[in-house]
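Worksheet: one structure, shown below.
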Amino acid sequence: MIISYKHNLIFLKPRKVAGTSFEIALSKFLGATDVITPITPSDETIRKELGFLGKQNYLYPFSQLNLKQKARAVLKLRLPEKYFNHMSAKQCRTRVGESTWRDLRKLSIVRCPWDAALSRFYWANGKDAELAGFTNYFLENPQFLSANRAQYLIDGECCVDIALRFEHFREDIGLLENESPSLRGLWEVFSNLRAKGGFRPDSSKDIADVYKQHPRVDALIRQLNEFEISQYGYSMDL
């Protein structure tokens, strides 16, 4: 996640929505006082090679720790994390404080839930995973079908000011650039990145056909993603 005082923006990062690529691209435009949480070592290497700012300002200052926390920090030679990757909106609001939360614009990414479920399945089980196991995977792990809601909903209410649609990145990032001229060029940087891609085979692209074979997952998606479907008009046709 990112908290940018420079651009008056909080980016709440969901999973399997090209969030790491977007985060790396956004890092190009950040300042020294902005919060940038760590990503994987390989992705941090990409960010460093591009000359963008890396992880910074995400740990608790020593002065904010109680005595027990200070003792633990000294023992471990490491400060605890105040902000971290994939932090929920509710956690962020608590730690950043009500005033800052209210004053900064909140930004996240949404994705068609049927498409996102396929992406999640292959990411967890490998590119060569057999779709025969698709239903059992989500019957055993239904929480994965709505996991990203924590980044843009608090107590069932939408808390973000800007939702970038995964399927319309170019259009929506363009709108963001128009609203925030200091971010001009963000789409160009982002479009040249592809962090964590390549997990999904081409054969999974016929979404409607997949869900004809797995109607129980289709029913779960409709039940658990009512907000995304109604708010953004998502269907199996994306």
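So here's what we get for this one:
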{"item": "Hits in the stretch 43-69 (condition: farther than 24 Å from residue 169 by Cα and small (Gly, Ala, Ser))", "result": "63"}
{"item": "Residue match in the stretch 200-221 (condition: at pLDDT 95 or above, more than 30 Å from residue 103 (Cα to Cα), open to solvent by less than 90 Å² (accessible area, probe 1.4 Å) and among the charged types (D, E, K, R))", "result": "yes"}
{"item": "Pairs, first under 21 Å from residue 23 (Cβ atoms) and among the charged types (D, E, K, R) in the stretch 55-84, second outside any loop (DSSP other than H, G, I, E, B) and open to solvent by 70 Å² or more (accessible area, probe 1.4 Å), C-beta under 6 Å, six or more apart", "result": "82/95"}
{"item": "Tally, over the stretch 101-116, of residues that are in contact (Cβ under 8 Å) with a residue 40 or more places away in the chain and over 15 Å from the mean Cα position of the chain (by Cα)", "result": "6"}
{"item": "Helices (runs of 4 or more DSSP H) enclosed by the stretch 109-183 - at least 2 residues per element that are open to solvent by 10 Å² or more (accessible area, probe 1.4 Å) and modelled with pLDDT under 95", "result": "113-125"}
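Matching residues to (1) modelled with pLDDT of 95 or more; (2) surrounded by fewer than 15 Cβ atoms within 10 Å (Cβ to Cβ):
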position: 45; (1), (2): yes, yes
position: 49; (1), (2): yes, yes
position: 56; (1), (2): yes, no
position: 60; (1), (2): yes, no
position: 77; (1), (2): no, yes
position: 80; (1), (2): yes, yes
position: 97; (1), (2): yes, yes
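The values are calculated or read from the model by the stated rules, or taken from the named source; none is laboratory data. In this text, all values refer to a predicted model and were calculated from it rather than measured experimentally. Positions of Cβ are generated from backbone atoms using ideal geometry, with glycine treated the same way; all protein chains shown enter the neighbour counts. Heavy atoms of the whole protein, side chains included, go into the accessibility calculation; ligands, DNA and RNA do not. Shrake-Rupley method; radii C 1.70, N 1.55, O 1.52, S 1.80 Å.
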